[in-house]
Amino acid sequence: MSGARTAWLSRVSEWLVRALEAYTAVLMLMLAVIVLLGVWFRYVVQRALPWYDEFAEFLLVWLTFYGSALAAHRGAHIGFETLTDSLPPAARRAAAIFAEGVVLFVLIALWRYGWTLAQAASFDTALSIRAVRLSWIYSAIPLSAGLMVLIELRRLAALVRR
């Protein structure tokens, strides 16, 4: 039963990672298209789009946070490998567990306060696109932090099991 559950969780995790990769690729493509469209309108049509600047900022926020979750999954964030590689194996493991614990603590705080920020902005709208609620924009903070918490819990569990 445990093996079946682990296999199921692994499949779900792989699916979520693929969905996150696709989502960040779409965000990057949309950002490129919006910026190029804004430049084209400004310099060719001689008329600036009033909404493109703000929309590009929103896309950049989403891309930053969801891209960070993807980087966390791949282990691509900065680290102190030079320092930790010089430690003996037991100390290296202890340092890795401590570091993952600190990261987990920070991510939980980011999730908690990101959620508070998204709720506080629930009635605010974007300046140039009144149909866009700022809570939709800020929701990237707790959602990506939640994804990173799951990633860190999985990483921490693997370290403790070793």
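We did not get these values from a lab; they are worked out from the coordinates using the rules stated. None of these values were measured; they are calculated from a predicted model. Reconstructed Cβ throughout: ideal geometry from the backbone, glycine too, with neighbour counts over all protein chains shown.
Please verify whether residue 20 is within 26 Å of residue 136 (Cα to Cα), in a helix (DSSP H, G or I), within 18 Å of the chain's Cα centre (by Cα) and in contact (Cβ under 8 Å) with a residue 24 or more places away in the chain, treating the condition exactly as stated.
yes
Quick check: anything in region 91-99 touching a residue at least 40 places away in the same chain (Cβ under 8 Å), among the basic types (Lys, Arg) and not in a loop (DSSP other than H, G, I, E, B)?
From region 91-99, those touching a residue at least 40 places away in the same chain (Cβ under 8 Å) are 93, 96-97; that's our starting set.
Going one step further and asking which of them are among the basic types (Lys, Arg), we end up with 93.
With the extra rule that they be not in a loop (DSSP other than H, G, I, E, B), the set shrinks to 93.
Yes, region 91-99 has at least one match.
Step by step: first the residues of region 48-64, then only those that are in a loop (DSSP other than H, G, I, E, B) and touching a helix residue (DSSP H, G or I) at 6+ places or on another chain (Cβ under 6 Å), then the one that is nearest to residue 127 (Cα to Cα). Which residue is that? Before you say what the answer is, go through the steps one by one.
To start, the set of residues in region 48-64 that are in a loop (DSSP other than H, G, I, E, B) comprises 48-51.
Filter once more, keeping what is touching a helix residue (DSSP H, G or I) at 6+ places or on another chain (Cβ under 6 Å): 48-49.
Numbers: 48: 16, 49: 13 Å.
The extreme case among them is 49.
Pick out the one residue from 144, 135 that is within 30 Å of residue 162 (Cβ to Cβ), surrounded by 13 or more Cβ atoms within 10 Å (Cβ to Cβ) and within 18 Å of the chain's Cα centre (by Cα).
Exactly one of 144, 135 is within 30 Å of residue 162 (Cβ to Cβ), surrounded by 13 or more Cβ atoms within 10 Å (Cβ to Cβ) and within 18 Å of the chain's Cα centre (by Cα), namely 144.
Need the failing condition index for residue 76 against (1) without any contact (Cβ under 8 Å) to a residue 60 or more places away in the chain; (2) in a helix (DSSP H, G or I); (3) closer than 26 Å to residue 23 by Cα, just the number.
With (1) without any contact (Cβ under 8 Å) to a residue 60 or more places away in the chain; (2) in a helix (DSSP H, G or I); (3) closer than 26 Å to residue 23 by Cα applied to residue 76, the lone miss is (2).
Which condition does residue 39 not pass, out of (1) under 30 Å from residue 156 (Cα atoms); (2) of a type outside the set (Asp, Glu); (3) part of a helix (DSSP H, G or I), if it passes all the others?
Only one criterion is unmet by residue 39, namely (1).
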